[in-house]
Amino acid sequence: MRRFTLASITAAALALGLLASTPSMAQSTQPAAKSDRMAPAGKMAPASKMAPANAEAAKLDINTATKEELMAFKGIGDKYSDKIIAGRPYAKKDQLVSKKILPEATYKKISSQIIASQPK
């Protein structure tokens, strides 16, 4: 069973605009459990990475992502994010491996979370 943290619930609610009309969750009178505490500022994934109804929109486009957005992925640091940006544009996301931008193991960790969209 998946456990949801207060931070993930709050981020999802903010992404969906649900907290605009409801009282803040931070005003709860009960103390937060250790696992329910929010992540420190800057450690949470941007709202653009949350899963909206359209799953395609939740994926990060490697052709337009910022360095900070790329570095939010586990295994992608300063050097890999620079290499991804320098190797643009990508016709397909698997070119991260075929162009030797990322090792296969790192690509497998993020492949379900990225896309390589093409201009229309």
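We did not get these values from a lab; they are worked out from the coordinates using the rules stated. All values reported here derive from a predicted model rather than from experimental measurement. Every residue, glycine among them, receives a Cβ derived from its backbone with ideal geometry; neighbour counts consider all protein chains shown.
A few points about this structure:
- Residue-wise HN-Hα coupling along region 96-108, computed from phi with Karplus coefficients 6.51, -1.76, 1.60 (Hz; x: Gly, Pro): 4, 8, 5, 8, 6, 7, 10, x, 3, 5, 5, 4, 4
- Amide hydrogen neighbours beyond the local backbone of I115, cut-off 5 Å, H modeled: L60, D61, I62
- Region 59-115: C-alpha gyration tensor shape, a/c 1.5 cut-off, then a/b vs b/c: rounded
- Put a dot 7 Å past the Cα of K83, heading toward its Cβ, do the same for K109, and the two dots end up 1.3 nm apart.
- Listed residue (Q113, L102, T64) projecting farthest to the positive dipole end of region 59-115, Cβ model: L102
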